[in-house]
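Before any comments, here is the structure.
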Amino acid sequence: MSQQRHGSTPGNAPGDRAGAVTAFPDLPEATIARLPEYLRALHNLGEGGADTVSSEGLAAAAGVNSAKLRKDLSHLGSYGTRGVGYDVALLIEQIEYVLGLDQRRAVCLVGLGNLGHALAGYDGFASRGFKIVALFDADVSKVGEEIQGLTVRHIEDLGRVAVEENIAIGVIATPAGAAQTVADVLVDAGVTSILNFAPCVLSVPANVDVRKVDLAIELQILSFHEHRKASLTALPGGRSATAAGNQEAVGS
Ligand SMILES: NC(=O)c1ccc[n+]([C@@H]2O[C@H](COP(=O)([O-])OP(=O)(O)OC[C@H]3O[C@@H](n4cnc5c(N)ncnc54)[C@H](O)[C@@H]3O)[C@@H](O)[C@H]2O)c1
């Protein structure tokens, strides 16, 4: 098998955008979720001087199993070269193309409280294809504040600024009680992708994509795994005494 360039599979060639529009790869959600992990690992490998990487090497660097990785990359038409592996630069290009990272997306952030300040102050988004171009809050005492060279604007200005700045993605970092109102403002402004940090479900039109980030949910999932590990070690032959204590603590 040989590594195939974009275009060897219909519709994923950086140099063949017209084809891509007509046959954009229809990727499983789980694959889409892993592509950024591959990309991060590939950038690290490239910065470390690697030109090629085996599927096992990339899988280990991305923290997934290699069969899953090969399957994921086959969706992009990328199979690697037997005995050589994947071309790091080419694979970066392919993944960035599929994720749409070859176009820098303008992002706005709504809610400049504790979380909003941390997000606005983070300089790692730009290197990964995103630029925060506008900040909004409803609290007049925050309007006018400068954060990382941007001035906090009033939420009432969002509609106008979204058009001026061609904002593609809106990040919500307001309390849950305000998040739906903010989502409505974003949707009315033509924003079709929302990243929601508020712990609530948003109601949006079908053409709007919402991703939710909830650290409490992640902790609850880890809690489940802790609980399960404790249950297993409590079985005969396991570390029952310690496990029983853990299980009680997790389950309480
Ligand atoms: N996803 C996570 O893992 C995670 C972690 C921490 C906090 N959060 C959530 O993030 C949100 C923000 O948390 P925080 O600690 O920064 O809160 P905060 O109270 O410090 O800040 C909220 C900000 O939103 C602004 N705001 C309120 N209503 C608004 C509106 N209608 N339009 C524009 N701005 C408005 C407030 O003026 C304030 O500046 C909360 O919903 C919180 O539960 C999520």
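Nothing in this text is a laboratory measurement; each read-out follows from the coordinates by a stated rule. Bear in mind that the values here come from a model prediction, so they are computed numbers and not experimental data. Every residue, glycine as well, gets a Cβ built from its backbone with ideal geometry; the counts of neighbours run over all protein chains shown.
Observations on the structure shown:
- Under 5 Å, built H, 5+ apart or other chain: amide partners of Val171: Cys108, Leu109, Val110, Leu195
- Zone of Cys200's modelled label, taken as backbone nitrogen in region 210-227 under 18 Å from a point 7 Å along Cα→Cβ: 210-217
- 3J(HN,Hα) along region 113-127: x, 4, 5, x, 4, 5, 5, 5, x, 7, 9, x, 6, 4, 5 Hz, from the Karplus curve 6.51 cos²θ - 1.76 cosθ + 1.60 with θ = phi - 60°, whole Hz, x for Gly and Pro.
- A Stokes-Einstein calculation at 10 °C with viscosity 1.306 mPa s, built on the Kirkwood radius of region 16-111 over Cα pairs, returns a diffusion coefficient of 113 µm²/s.
- Calculated FRET value between Glu145 and Glu47, using beta carbons and R₀ = 45 Å, to 0.05: 0.80
- Residue-span extension gain [Asn114 to Phe24] - 0.36 nm each, minus C-alpha spacing: 28.5 nm
- For the pair region 155-179 and region 113-152, the centres of their Cα atoms are 12 angstrom apart.
- Gain on full stretching of the segment that runs from Glu226 to Val64 - 0.36 nm per residue minus C-alpha separation: 56.3 nm
- Label-point separation, Arg82 to Ile217 (7 Å along Cα→Cβ), nm: 4.4
- Positive-end ranking of Ala168, Ala118, Val84 along the dipole of region 25-182, with charges on Cβ about the Cα centre, is headed by Val84.
- Per-residue Cβ neighbour rank within 10 angstrom, fewest leading, Ile172, Ile217, Ile147: Ile217, Ile147, Ile172
- Where only C-alpha atoms are counted, convex hull volume of region 85-185 per residue in Å³: 122
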